[in-house]
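Nothing in this text is a laboratory measurement; each read-out follows from the coordinates by a stated rule. Please read these numbers as outputs of a predicted model, since none were measured by experiment. Don't worry about glycine lacking a Cβ; one is built from the backbone with ideal geometry, like all the others, and counts go over all protein chains shown.
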Amino acid sequence: MDLTRDKISDLIKKIAIPASIGTFFQTMYNIVDAKFAGMIAPEAITAIAKSFPIYFIIIASTTGLSIGTTALISNALGRKNSNLASLFFAQSINVSIIMAVIVSLIGIYGTETILLFLKTGKDVIAYAVEYIRVIFFGAIIFFLLLTINASLVSRGDTKSLRNILIVSFFLNIILNPIFIFGFYIIPPMGISGIALATLCSQLYGLFYIIYKVNKTELRNYISFKYFSPKIKLIKDIVRQSIPSTVSMGFVGLGIFVLLYYVSLYGDYSAGGYGAALRFEQLFLLPVLGLNASTLSIVGQNLGANNFQRIKDTYIKSIIYGIGFMIVAGIIIFLSSSYVMAFFTEDTEIIYYGTLYLKIAAFAGPCYPIFFISSALLQGLKKPVYQIVINLIRMIIFPIFALSIAVIYLKVSFTTMFLIIMAINYLFGALVFWFSLDQIKKGNKNYNPNFSAV
């Protein structure tokens, strides 16, 4: 694929569809984990839900680093500089190892304190701590997998990660019952077995992605000297990745904020919300695929100084995303109660999860604006704007609105999420206008000189 010349609609399909399929299996992976947790105990499925904001520390860090690396490598490739792309690749590995150590320490030693703040019961805390500590001990696997994969995504290759996620999904189905309930010499591990199955599946993915990268032209450039620390390049990676990591962190913190208010209705309300959220994520997959295609195409066309293609990519991706989410909303609304009954037999969890999904069905069309705009700004090398957008949308507005509505006015569970939906639609319109304005300004102020050269 030539991301700077081929037809944009064809490129979006070629990159977004494999990415969407891969993310589908990743989300099904999470649904399988929730199902097995529900087989252990209602407290276990609640523990999985309440530990998600903590788990999100890994997601935010790995995604931020991966997006930052993808943007830098894409830009270098757009300028036909494979040597610089290889340097960015090697230095990003160094950064990922350091970040993995820091994040692991935070997760291992901070989990219980965070859960107590969320007003979590002792039984749920016990399950959550057991699960999350295993995940964080293997955090380096997540970091290396997504960072190495960034070099493939920057070339428009989302098929390799798709293949990993498909195989990992089936591995997870096989390993979960073995590790949870025991098998011959393998002792039963309970909820920690779910976490161990995740790590084993991700380890397979790491080996496969290394094999795939070794078959690209990077093989001709990479040597040990490329991995010796190069401060200027590391600064570029950090400068590009930290805003995305912080921005994703605000998304995680936003989920944490929502869980705090949801938990005021009881532990099982959080369990229902968490399980429903995993199902809702299935329908965000094409949007996440569009996110990947937008980042790759915009990154390379920035390097080629072709802003008309950047604008066309953004508009077409938004249209595709909104169209899909309208159809998805109908499916979510009609299937909500049946889906929740799949996760658990507990009536409270089913009740709260169903209520959330019925509202989420109407909220969906505004999500493509946030995801695709985020990819656009990252590809334009303006990631700092993501921080401001997610800070306002995920934290400032919800805390202000929900503190009044939930704590003082004592509104219902349903009304709380209607307020969140209104905030998203209002802010989505502002983000769309702002993103178009940034394309216009970028075209006028574009600087062809690259900071790492």
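Percent of Cα-Cα pairs more than 13 Å apart in the stretch 301-343, please. Don't skip to the end; give the middle numbers.
On the way: 604 of 903 pairs.
The proportion of pairs with Cα distances above 13 Å equals 67 percent.
In the chain, which helices (entire DSSP H runs) extend 30 Å or more along their own long axis, judged by Cα positions, while averaging at least 0.5 on the Kyte-Doolittle scale? Each step should come with its number before you reach the end.
Working: long enough: 8-40 (47 Å, 0.80); 52-78 (37 Å, 1.36); 82-117 (49 Å, 1.59); 159-181 (34 Å, 1.54); 191-213 (34 Å, 1.39); 231-263 (45 Å, 1.14); 307-343 (48 Å, 1.24); 413-445 (47 Å, 0.74).
Those that pass (Cα extent of 30 Å or more, hydropathy at least 0.5) are 8-40, 52-78, 82-117, 159-181, 191-213, 231-263, 307-343, 413-445.
Go ahead and estimate [θ] at 222 nm for the chain from helices alone: -39,500 (n - 2.57) per DSSP H run with n ≥ 4, summed, over the residue count, rounded to 500.
Working: 18 runs with 367 residues, N = 453.
Calculated from helices alone, the mean residue ellipticity at 222 nm is -28000 deg cm²/dmol.
Distance between the modelled labels on I106 and Y351, one decimal in nanometres: 3.7 nm (7 Å Cα→Cβ projection). Taken over the chain, the percentage of Cα pairs per 20 Å bin, counting from 0 up to the bin with the maximum distance, is 25, 59, 16, 0.
On a per residue basis, the convex hull of the C-alpha atoms belonging to the stretch 116-254 measures out at 162 Å³.
What full-extension length gain, to one decimal in nm, is calculated for W433 and L264 as 0.36 nm per residue of separation minus the Cα-Cα distance? Show your work: numbers first, answer last.
Working: separation 169, 0.36 × 169 = 60.84 nm, distance 3.58 nm.
Using 0.36 nm per residue and subtracting the Cα-Cα distance, I get 57.3 nm.
Rg and Dmax of the stretch 355-408, both derived from C-alpha coordinates alone, stand at 14.1, 42 Å. The chymotrypsin sites (Phe, Trp or Tyr not before Pro) found in the stretch 344-453 that occupy coil by DSSP, while having at most 13 further C-beta atoms within 10 Å, are Y446. Shown here for the stretch 77-136: trypsin sites (Lys or Arg not before Pro) in loop regions (DSSP other than H, G, I, E, B) with at most 13 other Cβ atoms within 10 Å, namely K80. Of the Cα atoms belonging to the stretch 69-158, the radius of gyration and Dmax stand at 18.0, 57 Å. Along the axis of the charge dipole computed for the chain (Cβ charges of +1 for Lys and Arg, -1 for Asp and Glu, origin at the Cα centre), the listed residues L264, L145, Y204 are led at the positive end by L145.
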